[in-house]
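The values are calculated or read from the model by the stated rules, or taken from the named source; none is laboratory data. Worth saying up front: this structure is predicted, and the values here are computed from it rather than measured. Virtual Cβ from ideal backbone geometry, glycine too; neighbours counted across all protein chains shown.
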Amino acid sequence: MKTRSIKIGFVGAVSALALSTGMAFAGEVVWWTPNFNEARARELVAKFQETHPDITVNLQVTTTDGLPQRVLTALQSGAAPDIIDVQHGWVNGYAQNNLVIPLDDVLQDREDYVPAALDYVTLNDQLWGMPYRIESLAVIYNKGHFAEAGLDPEAPPQTWDELIAAAEALTQSGRSGFAITGGGEVGNTIFRSMPFMWMNGGGIISEDGTQVLVNSPETVAAVEFYTNFYKNGLSPSSTLENDGTANRRLFIAETVSMYQAGQFDVNSIKTENPNIDIGVMTIPHPEGKDTAAVLGGWSFVIPADAKNPDEAKILLGFLAEAENQGYLTDTFPARVSAMDMERFDDPILQVYKQMLPFGRPAPAHPNWVQISQAYFDGIQRILLGDEDVQTAMDGAAAEIEALL
Amino acid sequence: MSDTTLKLKRTGLPVPLIIIGSVVLVAVCLFPFWWMGLSSIKTLRELYTIPPIWWPSMPTLDNYYTVLFESNIPRYFLNSVVISLGSTFLAMMLAIFASYGFARFDFKGKPLLQSFVLVGQLLPTAAIIVPLFVTLRVLGLVNTYWGLILIYMIITLPLSVWMLTSYFRAIPVELEEAAIIDGASRLGVLFRITLPLSVPGLISVLVYAFVTTWNEFIFALVFATDSSVKTLPIGLAEFSTEFNTDWGAVMAASMVMTLPIAILFLSMQRLFVGGMTAGATKG
Amino acid sequence: MAPPPKSKPCSKPFLPVSGCLKRSRSPFLLRPVNVMHRKSTGYLFVLPALLVLGLLIAYPIAYTGLLSVTDNQGNYVGLENFRTILAARATPTAFFNTLWWVAGSIIFQVILGVLTAILLNQNFRGRAIVRSVTLIPWVVPGIVAATTWAWMLHTEFGIINYMLTAPGIIDEPVGWLTNGSTVMPVMIAINVWKMFPFVAIMVLAGLQSIPNDLYEAARIDGASFWEEVWYVMLPQVRPVIIAVTLLLVIWALNHITIIYAITRGGPANRTLITPIQIFRTAFESVQFNQAAALSVMFFAVAITVVFIYIRTTAANAGASK
């Protein structure tokens, strides 16, 4: 029949090609790493091959665009590499669906790791990913604008009230004092608003994932604090279409004086507008309480369908060594001992380092993505002016209740 | 041409209307593209300013240099050409026959089969991407030209069949029937009468198939993991790192992606004229 | 003009002035020719394409169907996934937004496309260049077009607001993408911009195939340009317009890129349409089973629409063949 001859034809014609399309052989580890890691990853691979000549590492570079979709499709369809670089937040979804294997046996020196990093990728007391990179946000501000507004550039605001006052003083002559995000990917706003809830004793859901906290009085107060920046004109009018990157551009264009950002932004700002005198401050906290931040970063996972999981684990062990981890990471390593390396001594990074101990993982609930989406929709309803804070959070709470 | 024809000047839009219409059309179509072009010669510093800058004070060709000499774009260009040409050719072959069948024949279940052709277009991408990946894996076609060409049949074939059917229907059936009476076979009629008369339709379907596969991103991203097979849209995505996108390079690369097709279409304009049916029904 | 051959119907179009026969009414004389068609030949012609398509989509359809009635461990759960996704707050919103999106998009895509095709059909110098320029919105990669428009429409960086406020046409910059009531119309406008060239080129191809003698007959009858359009051009390209409209409906129903790249369905689900909801459910929430359930329902609705469409137009076209 036509069907079979077509299939045979394809298989026959393609078998030669198939052999050369990067199918894994025994002793070969296929590692998917994103483009921003490529140069350093290659160095590490060369170093690894010296001491492990029997294992070949096939490094394949991924793009950041569309990465979650591509990884998920590979995992779901059973054609996965041996090691993948993923963001901490994705590991949970994979673990839920049994797409990756536990890595408790690969982890050395558990105490050396920042606890929050490990918590992030732990589910049901098993470790599903190996964190190698952690980072958090801080607030970047324009020292020049501070001076013009009569504020002391070396004494940035520490508390919520001080932040509001500073923002008000800075909002003049076409500038916005403090930019918040209201658009783009959900993660942007979660990373920037959830810490305020934590600082105030609230949250979206409880740590054990059984209770809805998003409409509790503490949380509502924090959400009100966050959205009021837009309501009171201290955040740009384009807030609903802005994510972190847009805010950075507004900062570079000098129409924003303060905004929350990661350490990457510092370099971009220096390149695109060297005239700005950059200052970094820790995220302001309510009076008498501690600051907090959401811990971001990346982990390694080994897919359940990996062809050579044992060799992959050996490579993982190598990458997890303090020195190698410190070399690979773009921001900070997940191991405390690695943080003493010279490259992390840059003065402007100090504030970011200070924020790290206050970093917490996002709650590990199977439906976390949908939960955060429900919360984000609520935030946008507030910013659109559709609902007030309490109503919007009650609406989000109802949705989240159904997801728990 | 008889005298009467010469005297009857073709009525058409009055010239001022044509001019205004063309200007508006060109402005609307070109404005974002021109903005992209401007952005491709700006330095990063001038890309995001408030208020926006029309013309860069220091125009630069650095972005083009990056795109053409320091990135994978040239290789991906080649891959895109091979894959797009391959799927276009394959789709046209299959579609010409199928459309002729739908246009000229009446058989049981024809509406059902025509609906079936469109089914592939109705499946949400998110639903089919994983099973398609499994299919490719089973056939051993992941990361090959043929793998992508085959998958692209899902998006090119339905439309090609659908559109060609209507173009073929528009050809007067009397012409074909006259030829059959004269003893021509069905295939002969198809190749000697129907196809030549539907050249504009064929070209537009060809352009459609080519452009769609040229710009397709998500299938290419998942099914082509090696730079020997990766296509241009993936090349675009490679200019974005985690927190930064090299917008100048993206815009320059977009120009590289778009201009060849426009120029190609321009060169095919000679074929895209009618008048081939003029006089066909005269004795 | 030579006298028409015996077996040909009247070559004049239907005009109120001359009241000629519709071309569609083929004289009975042609019947014997039709008998020469073997029914099976039709099947042979369409077989290769259908086979290829069938092979490609058979497994995805089966896979999606199976996924929609199981959970992520593979156990059969009946209609559970359907119930869950229908109960989600976003689902009815997405559904109604999809209706707006489809209707708004295709109306303007077709109207603008046909008008453009008529313009491009005219004979004027530089026509080839204008035609090629018209192609550009369609050819520009979707993601790049989306981000460029988002950038141009930005409240503060955007060139559009700048062009409106600098000469004082409006006082305050417009929040195109931040205002709940403007965001969907703007998305539709971008979609129209992207796709009307496709309509224009397809209809133009149809217009190019109109035999000259039809125009001549109309001119002899003294028709003005617009009467020419209405009585000669449009009826001739009717099959093409119908075919194109159905395609536009299908694409609008399956659309992801532009909306996802600019607003991701926000703000507050104002621009969320069902295909994006399916995509997000599958790839962001990692709920493949619910996404499959939604896909199944969506597919059922879409294929019914398509089938009805084809059935009705086949009934109409049958008379005119």
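Couple of notes before you dig in:
- Test: residue in segment B:219-230 that is surrounded by fewer than 22 Cβ atoms within 10 Å (Cβ to Cβ), touching a Pro at 6+ places or on another chain (Cβ under 9 Å) and closer than 25 Å to residue C:147 by Cβ: no
- Residue within segment A:305-314 that is over 30 Å from residue A:162 (Cα atoms), polar (S, T, N, Q) and in contact with a strand residue (DSSP E or B) (Cβ under 8 Å, 6 or more places away or on another chain) present: yes
- Residue A:252 passes every criterion in (1) crowded, with 20+ Cβ neighbours inside 10 Å; (2) farther than 21 Å from residue A:279 by Cβ apart from (2).
- Residues (hydroxyl-bearing (Ser, Thr, Tyr) and either under 21 Å from the mean Cα position of the chain (by Cα) or part of a strand (DSSP E or B) (or both)) located in segment A:198-231: A:206, A:226
- Residue pairs whose Cβ atoms lie under 8 Å apart, separated by 6 or more positions or on different chains, with the first residue in segment C:216-242 and at the interface with another protein chain (Cβ under 10 Å from one of its Cβ atoms) and the second modelled with pLDDT of 85 or more and surrounded by fewer than 17 Cβ atoms within 10 Å (Cβ to Cβ), are C:241/C:234.
- Residue B:81 falls short on exactly one of the conditions (1) in contact (Cβ under 8 Å) with a residue 12 or more places away in the chain; (2) under 16 Å from the mean Cα position of the chain (by Cα), and that condition is (1).
- Hey, residue C:141 more than 22 Å from residue C:252 (Cα to Cα) and either of a type outside the set (Lys, Arg) or within 14 Å of chain A (Cβ to nearest Cβ) (or both) or not: no
- For segment A:231-247, the set of residues classified as crowded, with 22+ Cβ neighbours inside 10 Å and either away from every other protein chain (no Cβ under 14 Å) or touching a residue at least 60 places away in the same chain (Cβ under 8 Å) (or both) consists of A:234, A:236, A:239, A:240, A:242, A:244, A:246, A:247, listed by residue number.
- Tally of residues being assigned to a helix (DSSP H, G or I) and charged (D, E, K, R) across segment A:232-248: 2
- Answer from C:95, C:45 - the residue that is modelled with pLDDT of 90 or more, in contact with a helix residue (DSSP H, G or I) (Cβ under 8 Å, 6 or more places away or on another chain) and on the phi < 0 side of the Ramachandran plot: C:95
- In segment A:179-216, the residues that are of a type in the set (Asp, Glu) and in contact (Cβ under 8 Å) with a residue 12 or more places away in the chain: A:185, A:207
- Failed condition for residue B:98, given (1) in a helix (DSSP H, G or I); (2) small (Gly, Ala, Ser); (3) under 28 Å from residue C:41 (Cα atoms); (4) more than 10 Å from chain C (Cβ to nearest Cβ): (4)
- Taking helices (runs of 4 or more DSSP H) as the structural unit, those lying wholly within segment B:126-224 and holding at least 3 residues that are aliphatic (A, V, I, L, M) and closer than 24 Å to residue A:81 by Cα correspond to B:145-170, B:218-223.
- Residue list for segment C:103-156, filter: surrounded by fewer than 19 Cβ atoms within 10 Å (Cβ to Cβ) and modelled with pLDDT of 90 or more: C:103, C:104, C:107, C:108, C:111, C:115
- Filter result for residue A:127 (out of contact with any Ser or Thr (no Cβ under 9 Å at 6 or more places or on another chain) and under 24 Å from residue A:274 (Cα atoms)): no
- Scoring residue A:290 on the criteria (1) under 30 Å from residue A:59 (Cβ atoms); (2) surrounded by fewer than 20 Cβ atoms within 10 Å (Cβ to Cβ) leaves a single failure, condition (1).
- Residue in segment A:284-296 that is at negative phi, among the polar types (S, T, N, Q) and free of Cβ contacts under 8 Å to residues at least 12 places away in the same chain present: no
- Taking segment A:77-101 as the range and being crowded, with 22+ Cβ neighbours inside 10 Å and polar (S, T, N, Q) as the test, only A:92 passes.
- Cβ-Cβ under 7 Å pairs, at least 6 apart or on other chains, segment B:26-37 side more than 8 Å from chain C (Cβ to nearest Cβ), far side not polar (S, T, N, Q): B:37/B:255
- Residue identified as more than 29 Å from residue C:276 (Cβ to Cβ) and part of a loop (DSSP other than H, G, I, E, B) among C:175, C:206, C:222: C:222
- Every condition in (1) assigned to a helix (DSSP H, G or I); (2) within 9 Å of chain C (Cβ to nearest Cβ); (3) surrounded by fewer than 23 Cβ atoms within 10 Å (Cβ to Cβ) holds for residue A:366 except the one numbered (1).
- Residue selected from segment B:225-249 under the condition of a type in the set (Phe, Trp, Tyr) and assigned to a loop (DSSP other than H, G, I, E, B), by the criterion nearest to the other protein chains (Cβ to nearest Cβ): B:243
- Checking the stated criteria, residue A:195 turns out to be under 25 Å from the mean Cα position of the chain (by Cα) and surrounded by 16 or more Cβ atoms within 10 Å (Cβ to Cβ).
- Counting residues in segment C:246-258 that are under 24 Å from residue A:367 (Cα atoms), assigned to a helix (DSSP H, G or I), within 14 Å of chain A (Cβ to nearest Cβ) and not basic (Lys, Arg) gives zero.
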